[in-house]
Amino acid sequence: MNHRDCVFAFLLFSISAHGTELMTARVTHVTDGDTLWVQPDSGGSPLKLRLEGIDAPEICQTGGEASRNALSTLTIHRTLTVSTRSYDDYGRGLARLIYQGQDVGAEMVRSGQAWSYRWRNSLGPYALEEQAARHDRKGLFSQAGAQLPREFRQQHGSCFPRKP
């Protein structure tokens, strides 16, 4: 068993040991750099998921379309392993996605297409990948002033204002 297979086996064991929903599903649509739709292999309705542990630029924000395109390149029409631990306020499953032993969220951050999701004093689960992307000036970090999506929303609001 190579290193990637060992990591994948460990992830699967860790996920199932913590009450996480685990399935395989095919990606049918990518909304933005951290949101996509999947069709479970077991059937049923398509599911809207948000990648756990990353924060991608808003679609109307600088880098938003590039981020969506990067996630699409990594996932569209591919069958992935999906592990969902919880749901956000919008009903999206917060999920880790694995494709051929590769953590999709880690790759998005490593390639500079998303930030590691910050929470309180934590730099998030992909802090090392973000640090490397910043150092190598990849994607969002190729120019100074990349703005966290949370800050962008505070200054500009949502790309899709709610209808009255």
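The values are calculated or read from the model by the stated rules, or taken from the named source; none is laboratory data. Predicted model, so just to flag it, every value in this text is computed and none were measured. Cβ coordinates were reconstructed from backbone atoms using ideal geometry, including for glycine residues, and neighbour counts include every protein chain displayed.
Annotations for the structure displayed:
- Scope region 60-94; condition of a type in the set (Lys, Arg) and over 22 Å from Gly145 (Cβ atoms); matching residues: Arg78, Arg85, Arg92
- Those strands (runs of 3 or more DSSP E) of region 9-84 in which at least 1 residues are touching a Lys or Arg at 6+ places or on another chain (Cβ under 6 Å), hydroxyl-bearing (Ser, Thr, Tyr) and modelled with pLDDT of 95 or more, considering only elements entirely within it, cover 35-40.
- Test for Leu123: is it at pLDDT below 95 and over 18 Å from Glu65 (Cα atoms): yes
- Subset of region 73-87 [surrounded by 17 or more Cβ atoms within 10 Å (Cβ to Cβ) and either farther than 19 Å from Ser116 by Cβ or touching a Leu at 6+ places or on another chain (Cβ under 7 Å) (or both)]: Thr75, Leu80, Thr81, Val82, Ser83, Thr84
- Per-region count, region 82-102, residues of a type outside the set (A, V, I, L, M) and under 9 Å from the mean Cα position of the chain (by Cα): 1
- Selection over region 117-136 of residues that are free of Cβ contacts under 8 Å to residues at least 24 places away in the same chain, under 22 Å from Gln102 (Cα atoms) and either buried (at least 18 other Cβ atoms within 10 Å of the Cβ) or among the charged types (D, E, K, R) (or both) gives a count of 3.
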